[in-house]
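First comes the structure, then the notes that go with it.
The values are calculated or read from the model by the stated rules, or taken from the named source; none is laboratory data. A quick note: this is a predicted structure, and the numbers were derived from the prediction, not measured. Quick reminder, even Gly has a Cβ in these numbers, built from the backbone with ideal geometry, and neighbours come from all protein chains shown.
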Amino acid sequence: MIDINKVQEPESLKEVAKFIASNNAIITKINSYKKNNAFGDSDSPSDALVIPTANTDKSIILAVNNRTGIATEDSETNRIGIFESIRDIACSGGTLNGSAYINCTGNIADSSDYQKFTESFHSASNNNSQNSILGVVGTLENNKYKMTLDFKSKGHDLFLIGTAVEDINSSIYLNQYHKINESAPQYYSIEEEFEVQKVIRDIIRKGFIASAHNVSKGGLFISLMESAMHRGLGFDVLTDSDIRPDAYLFGESQGRVLVSVDPIFETEFIDYIKFQNVQCTMLGHVTKGEFRIDDESFGFVADYKQIYL
């Protein structure tokens, strides 16, 4: 476990943001997002590949994760890769079927079966190399519930669902920017994962959100950037004063999803979320094209498109 107090805070978070946005591990993600639009329409892609099935209103969802092992515990790194893939399916509107390693025979609506599933691939992950490719398959029971990752309109509000922690372990930020190659796995909790994904599926079906994007490689900043870029939008957000801003923006702790909400549905969204067993933080709102964090300009969407695309 890295003691974050021994890692120097960067003088410029904007510099870090552009550094990570230009990192090869991040750039390769956009190729996946471009392909994750099997509907063939003009809408933005989803976190996972959504493949409509012929002559039905259903789809198959495929999420693949090639999270390379920065952490010292290889099996834990692979487990986190599975978590991210399952979260990708939830963010796309789907439910879990199984993985490339096993067939999931339990009812994933039950938290005990969810834990059994995540534990069942533990022994398999012990035998995988640090460059394992982990696949998870899900279903979308009705294509009207397909959710995409892009912000839809200026003025929509932004929320982070899930627990934000001061954690930079095994992040691209720690590994590439600070050149610290070994650390513990990112923070994760099976119980929190279950609750967050249940909430995401519910708010998609209730029609409360306009977009959902998994927070994974590169952290919250990269998720904000990717969601903004498709329609040339921006964002204005605040970090958490109790967490170091570099950890808040670039840490890769698990169990977090970025969502956007049309103000028309905000009251219903908040009324629902306050009774759920998840942390939900209002970050800010979608803007016309500038990236602003804690009242500081990080540049414009066009600047990041040149770096990232």
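Filtering LYS152, LYS217 for residues that are closer than 19 Å to ILE82 by Cβ and not hydrophobic (A, V, I, L, M, F, W, C) leaves a single hit, LYS217. Among the residues of this structure, ALA210 counts as one that is surrounded by fewer than 24 Cβ atoms within 10 Å (Cβ to Cβ), of a type in the set (A, V, I, L, M, F, W, C) and under 16 Å from the mean Cα position of the chain (by Cα).
Scanning the range 34-84 for residues that are at pLDDT below 55 and among the basic types (Lys, Arg) returns LYS34, LYS35.
Each row is one residue, and each column tells you yes or no for (1) without any contact (Cβ under 8 Å) to a residue 40 or more places away in the chain; (2) among the hydroxyl-bearing types (Ser, Thr, Tyr); (3) in contact with a Ser or Thr (Cβ under 6 Å, 6 or more places away or on another chain).
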{"position": "ASP240", "(1), (2), (3)": "no, no, no"}
{"position": "ILE243", "(1), (2), (3)": "no, no, no"}
{"position": "TYR248", "(1), (2), (3)": "no, yes, yes"}
{"position": "SER253", "(1), (2), (3)": "no, yes, no"}
{"position": "VAL257", "(1), (2), (3)": "no, no, no"}
{"position": "ASP262", "(1), (2), (3)": "no, no, no"}
{"position": "GLU266", "(1), (2), (3)": "no, no, no"}
{"position": "VAL278", "(1), (2), (3)": "no, no, no"}
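Residue count for the range 177-191 satisfying the condition of being surrounded by fewer than 19 Cβ atoms within 10 Å (Cβ to Cβ) and either small (Gly, Ala, Ser) or part of a helix (DSSP H, G or I) (or both): 4. Considering the range 149-176, and only residues there that are assigned to a loop (DSSP other than H, G, I, E, B) and out of contact with any Ser or Thr (no Cβ under 7 Å at 6 or more places or on another chain), the residue that is modelled with the lowest pLDDT turns out to be SER171. The C-beta contact set for the range 281-309 (first residue closer than 14 Å to MET225 by Cβ, second residue of a type in the set (S, T, N, Q), distance under 8 angstrom, 6+ apart or interchain) comprises VAL286/SER153; VAL286/SER260; GLU290/SER297; PHE291/SER297; ILE293/THR239; ILE307/SER22; TYR308/SER22. Examine the range 128-138 for a residue that is over 21 Å from VAL199 (Cα atoms), at pLDDT below 65, not hydroxyl-bearing (Ser, Thr, Tyr) and not in a loop (DSSP other than H, G, I, E, B), and state whether such a residue exists. Scanning the range 128-138 turns up no residue that is over 21 Å from VAL199 (Cα atoms), at pLDDT below 65, not hydroxyl-bearing (Ser, Thr, Tyr) and not in a loop (DSSP other than H, G, I, E, B).
The set of residues from the range 22-33 being modelled with pLDDT of 55 or more, within 21 Å of ILE86 (Cβ to Cβ) and polar (S, T, N, Q) comprises just one member, THR28. All conditions in (1) over 26 Å from THR95 (Cβ atoms); (2) modelled with pLDDT of 95 or more hold for GLU195, with the sole exception of (1).
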